[in-house]
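J.: I'd like to ask some things about the structure below.
The values are calculated or read from the model by the stated rules, or taken from the named source; none is laboratory data. Keep in mind it's a predicted model, so treat the numbers as computed, not measured. Please note: Cβ atoms are built from the backbone with ideal geometry, for glycine as well, and neighbour counts cover all protein chains shown. To get the accessible areas, we keep the full protein, side chains included, count just its heavy atoms, and leave off ligands, DNA and RNA. Shrake-Rupley method; radii C 1.70, N 1.55, O 1.52, S 1.80 Å.
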Number of protein chains: 4
Amino acid sequence: MEKLIITACLTGAEVTREQQPNLPLTPDEIAEAAYQCYLAGASMIHVHARDAEGNPTQDYAVYKEIKEKTAAKCNIIFQPSTGGATWHTPEQRMQPIELNPEMATLSMGTCNFADDVFMNTEANIRIFANRMNELGVKPELECFEKGMIDTAVRMAKKGIIKSPMHFDFVLGVPGAMGGELRDLLYMVESIPAGSTWTVAGVGRYQLPLNIAAIMLGGHARTGFEDNIYYKKGEIATSNAQLVERIARISKEMGREVATPDEARAILGLK
Amino acid sequence: MEKLIITACLTGAEVTREQQPNLPLTPDEIAEAAYQCYLAGASMIHVHARDAEGNPTQDYAVYKEIKEKTAAKCNIIFQPSTGGATWHTPEQRMQPIELNPEMATLSMGTCNFADDVFMNTEANIRIFANRMNELGVKPELECFEKGMIDTAVRMAKKGIIKSPMHFDFVLGVPGAMGGELRDLLYMVESIPAGSTWTVAGVGRYQLPLNIAAIMLGGHARTGFEDNIYYKKGEIATSNAQLVERIARISKEMGREVATPDEARAILGLK
Amino acid sequence: MEKLIITACLTGAEVTREQQPNLPLTPDEIAEAAYQCYLAGASMIHVHARDAEGNPTQDYAVYKEIKEKTAAKCNIIFQPSTGGATWHTPEQRMQPIELNPEMATLSMGTCNFADDVFMNTEANIRIFANRMNELGVKPELECFEKGMIDTAVRMAKKGIIKSPMHFDFVLGVPGAMGGELRDLLYMVESIPAGSTWTVAGVGRYQLPLNIAAIMLGGHARTGFEDNIYYKKGEIATSNAQLVERIARISKEMGREVATPDEARAILGLK
Amino acid sequence: MEKLIITACLTGAEVTREQQPNLPLTPDEIAEAAYQCYLAGASMIHVHARDAEGNPTQDYAVYKEIKEKTAAKCNIIFQPSTGGATWHTPEQRMQPIELNPEMATLSMGTCNFADDVFMNTEANIRIFANRMNELGVKPELECFEKGMIDTAVRMAKKGIIKSPMHFDFVLGVPGAMGGELRDLLYMVESIPAGSTWTVAGVGRYQLPLNIAAIMLGGHARTGFEDNIYYKKGEIATSNAQLVERIARISKEMGREVATPDEARAILGLK
Ligand SMILES: [Mg+2]
Ligand SMILES: [Mg+2]
Ligand SMILES: [Zn+2]
Ligand SMILES: [Zn+2]
Ligand SMILES: [Zn+2]
Ligand SMILES: [Zn+2]
């Protein structure tokens, strides 16, 4: 089995400092959180930027600052979100692709996201994918439903998305697919042979789905974007605390944790 | 095993007479198609209205005319769509509920629908459901993805949707869940015990998924809304031709076909 | 999708003329039944021999007579059973392999078979497989449980069984795996890519599982060994009547039926 | 979710002291190992007796001594094996039932077990079940294949086995069902609502399947009968070491571990 890639999703677009006092918001905070996660075993960060007021922004300059400040500390893989917040326009959302990061997320369809709608029309998916292809950015295909995998497979047949594909199953969002083990297994059994995958479980699904990924040969995303607790009723002290636990359990289960360069090899990053 | 309920989806919102010359469009044509399907074994019709130009409309008066003209011919169950076309507003879409039909569809989430987005926010689902509850209209819960079942289950726990629930799995829409047998089985295994279900397969998925429903104890939706062919390369001559085939195969497999009143008993309609 | 291979299991080891008056028993009767099934669309026969009293026998000479008499009528693929009856010794069971048929069954494990035990130890599986390999007989890997597939995969890794493998899932035997659609799907999802498979459903499972095979790209086994009824309460008039129905339904579902030579190409027979 | 029942399978019938130097063999050693496992979090022991030479025995007196010596130390649930070793006769195997333990295993079918055959005919299953029913011993239904669940369900319908049933899925035995996560999930999804279950994974499957049970609401069996390693290449120092790890991981995942009396309540023991 390949070594485990742990992705730290440090900030997200929805969590607030009121909910999670240790949430990194500024480029300096995010870069420092990235570094702590790197030390704890993460080989990739999934990044959402925030503006000076702490609100979600897809601003190119802010992502650039985060990217550079992180790179100054360690060689962790920088993966910006192109999802942004549900109210961002496609044009806003696309900005961090222009940083030419090694990876960026590409959401593969539209679904309800609690009381909002996360919009990703076919046309926009194509536009995002084409631009990533032009720049050589490998997409992490975010799938909130099984039909989004089907869309990815269909687009791969047309060459819009390159193979081997890397998926991120985001499970447990109210309005999209649940986060039971059988849900994860169904997703895993639906992707083409040769693909790689990560799972992001929302809230109480984060820990069990991360552990299931260890067993199944997938990879794990943990961090405050998806879950702010260490355990029931206990707010996590840092993103790194969550990363550390997954790294420890993975080793306990006999699976080594990948360094950033090992993750690059597994994912075929340039 | 319960008898098989065959629902005829006669018209839909997207098919044109250019594509399918035998498509019923006017209230008279729809009522006559309903009657022919009834004779062929259908116990329910799923109805989309069209205006004088043949364009989709959710107009109360047109649905009323279809309902009355159909009722004059036979006692088939009348189930109007509240989905309408992807560009209709929620207010437009809700109109046929006011006819107080025995059933009406209730789409349980948002997804891409080819190049369009089929919007059903949480708030609107609640509004539709509440109005159906007030009038005693039983919803057919249209699920295009597995997460929509999860939403239904969540809303049932809150009492927004009444149990036992009746689901319609719409599979094979580009942008939502595929139409393989394993997709259907996954949906079926995801609904609460005591629920009933129908499957609507789009295009080439219609026939195999209808037959799978016969085996699995579910129910079958067939008709031009989902598929215009009788077999590959051969346009169907009528909705009734499609109904007839399902009724024949069901009997061949040892499962009787329900009359409208038997369908009412199976679905617990008032 | 490949064309459908229909295998007729004409006689079996357990059915009696009292249960099924049209059961072929003598070599002449079996050859004639094979020919009628060939005309109805079968491209293979699965053969159990009977002695002069109608009891199961694995006698070389009787199989030889059946093989020759069938070959005189048509080019249908002759596949003798090496399972025999549950009380036959391994040595008895192996005899028809010496006829050097194109295929022969190879049962991949031990399980209860109603009140009997169907014994296939690891050692005997290896002995049977080795002899088939020596003679160039392609095994049809009979799996009554999922673990038998796992055994086949394990033996294939050691080269004891050659790939691509052809499986026969025998479902619905009391004491082994049931015959629900989900059981079949689980088996299908457990075999290596590139394998081919047939399903044999016992009793009331025969028809639905045969039809599921048509949908899923597998192949279908029908005949009196597995089921003696045409429909509930109605004894079938001949094996060919069962074959005919599967051929008809397959064509109706848009899948052509293979001739013996087309079946040979699909299965890679010499 | 119910608390986790950890069953320690201390000795088994096949492991030798050469393979695992810390294997408990005598009644004193087994009772002491049971006590250490109890302290580590186990609420049940699954017991195989050995004779003075360390060979498997189903002797009543030896089981009696183990039962009494264990009871003198703690209130852990005593569950003797009625499987014994593959060469024991049914009469030998049944002896520990006469001790009237709270539970005893009941193997639900026949399968290959590496180079041996583990024989459990329908007739013998009925005999074992009937005697357990007479004495009020709750069976732990050992299932090595999915078809064995089907047999249990069939026998439950006839009243031979009482409901709610408790299953033990033994996965990863060469010759029976494998030990992948999907295998476990398939088993879990095949038992009647209201049943409880434990999983025993053989060798390298022990740890991941135990953890999966924690997630899925099942229960976990660990110990030397199924696996002698703590991790790859490292022999475990005691059964208790394996129990301790499962207890720790379960708490880490937010699931409490059951005491013997809590386990009795969950299993409905008298
Ligand atoms: Mg969706
Ligand atoms: Mg077996
Ligand atoms: Zn994100
Ligand atoms: Zn519709
Ligand atoms: Zn046979
Ligand atoms: Zn045991």
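J.: Kindly sort B:135, D:269, A:10 by accessible area of their heavy atoms, largest first, with the probe set to 1.4 Å.
T.: Sorted by accessible area, descending: B:135, D:269, A:10.
J.: So how far apart, in nm, are the two label points at residue B:261 and residue A:251 if each is 7 Å from Cα heading toward Cβ?
T.: Each label point lies 7 Å from its Cα, and together they span 7.4 nm.
J.: Using protein chains only (no ligands, no nucleic acids) and a 1.4 Å probe, work out which residues of segment B:110-127 have their accessible area cut by at least 40 Å² relative to the chain alone.
T.: B:110, B:112, B:115, B:117, B:122
J.: Quick check: convex hull of the Cα atoms in segment B:1-58, volume per residue, rounded to a whole Å³? Walk me through the intermediate numbers first.
T.: Details: hull volume 5.2 nm³, N = 58.
Enclosed volume per residue, from the Cα hull, is 90 Å³.
J.: Quick one: label points 7 angstrom along Cα→Cβ at residue C:256, distances to the other copies in nm, smallest first?
T.: 4.1, 5.3, 6.7
J.: Along Cα→Cβ at 7 Å, what distances in nm separate the residue C:2 label point from those on the other copies, shortest first?
T.: Distances between equivalent label points, in nm: 3.1, 3.9, 4.5.
J.: Where does the charge balance sit around residue B:36 when Lys and Arg score +1, Asp and Glu -1, over other residues with C-beta under 11 Å from its C-beta?
T.: Cβ neighbours under 11 Å give a net charge of -2.
J.: So what is the relative contact order for chain C, in percent, with contacts set as C-alpha pairs under 8 Å and at least six apart? List each step's numbers first, then the result.
T.: On the way: 566 pairs, mean separation 63.9, N = 270.
With pairs under 8 Å counted, the relative contact order is 24 percent.
J.: Where Lys and Arg each count +1 and Asp and Glu each count -1, what net charge lies around residue A:27 among other residues with Cβ under 13 Å from its Cβ?
T.: Result for the local shell: -2.
J.: What's log10 of I(q)/I(0) for the protein assembly as shown at q = 0.04, 0.08, 0.10 Å⁻¹, Debye sum over Cα points only, no solvent?
T.: Taking Cα atoms of the protein assembly as shown as identical point scatterers yields -0.23, -0.93, -1.36.
J.: Using only the Cα atoms of chain D, each taken as one equal point scatterer with no solvent, compute I(q) by the Debye sum, divide by I(0), and report log10 of the ratio at q = 0.10 Å⁻¹.
T.: Cα-only, vacuum Debye calculation for chain D: -0.43.
J.: How far is residue A:53 from itself in the other copies, in nm, if each label sits 7 Å out from Cα along the Cα-Cβ line, shortest first?
T.: Result, one decimal in nm: 4.4, 8.5, 9.5.
J.: Roll a 1.4 angstrom probe over the protein heavy atoms and tell me the percent of accessible area of the protein assembly as shown that is carbon or sulfur.
T.: Details: 19710 of 37950 Å².
Roughly 52 percent, rounded to a whole number.
J.: Rounded, prolate or oblate, given the Cα gyration tensor of segment D:83-202, with a/c below 1.5 counting as rounded?
T.: Oblate, because a/c is 1.5 or more while a/b does not exceed b/c.
J.: Excluding ligands, DNA and RNA, what is the accessible area buried between chains D and A, summed over both sides, using a 1.4 Å probe, to the nearest 100 Å²?
T.: Counting both chains, the buried surface is close to 1400 Å².
J.: Same structure again: Applying the Karplus parametrisation 6.51 cos²θ - 1.76 cosθ + 1.60 with θ = phi - 60° to the phi angles of segment A:221-229, what ³J(HN,Hα) value in whole Hz is obtained for each residue in order, glycine and proline being reported as x?
T.: Calculated HN-Hα couplings, in order: 10, 9, x, 5, 4, 9, 6, 9, 9 Hz.
J.: Right, something else. Residue D:270: which aspartates and glutamates have alpha carbons under 16 Å from its alpha carbon, excluding same-chain residues fewer than 8 sequence positions away?
T.: Within the straight-line cut-off, residue D:270 pairs with D:102, D:134, D:140, D:261, D:262.
J.: Something else now. Using the Cβ atoms and a cut-off under 15 Å, what net charge is assigned to the surroundings of residue B:157, where Lys and Arg are +1 and Asp and Glu are -1? Working shown, then result.
T.: Numbers: positive: B:126, B:154, B:158, B:162; negative: B:122, B:150.
So the surrounding residues net to +2.
J.: Can you compute the helix-only [θ] at 222 nm over chain C? Use -39500 (n - 2.57) per DSSP H run of at least 4 residues, normalise by all residues, nearest 500 deg cm²/dmol. Intermediate results must be reported in sequence, preceding the final value.
T.: Values: 9 runs with 98 residues, N = 270.
Taken over chain C, the calculation gives -11000 deg cm²/dmol.
J.: At 1.4 Å probe radius, can you tell me the per residue accessible area of chain A in Å²?
T.: For chain A, the solvent-accessible area averages 35 Å² per residue.
J.: Which FRET efficiency, nearest 0.05, do residue C:154 and residue C:131 yield, Cβ-Cβ r, R0 22 Å?
T.: Step by step, r from the Cβ atoms, then E = 0.70.
J.: Which stretch or stretches of segment D:34-56 have amide N atoms under 17 Å from the point lying 7 Å from residue D:72's Cα along the Cα→Cβ direction?
T.: Those under the cut-off are D:34-36.
J.: Same structure, new question: State the Cα centre-to-centre distance between segment C:203-234 and segment A:202-267 in whole Å.
T.: One Cα centre to the other: 47 Å.
J.: Could you state how much accessible area residue C:73 has, in square angstrom rounded to the nearest 10, with a 1.4 Å probe and all protein chains kept in place?
T.: It works out to around 90 Å².
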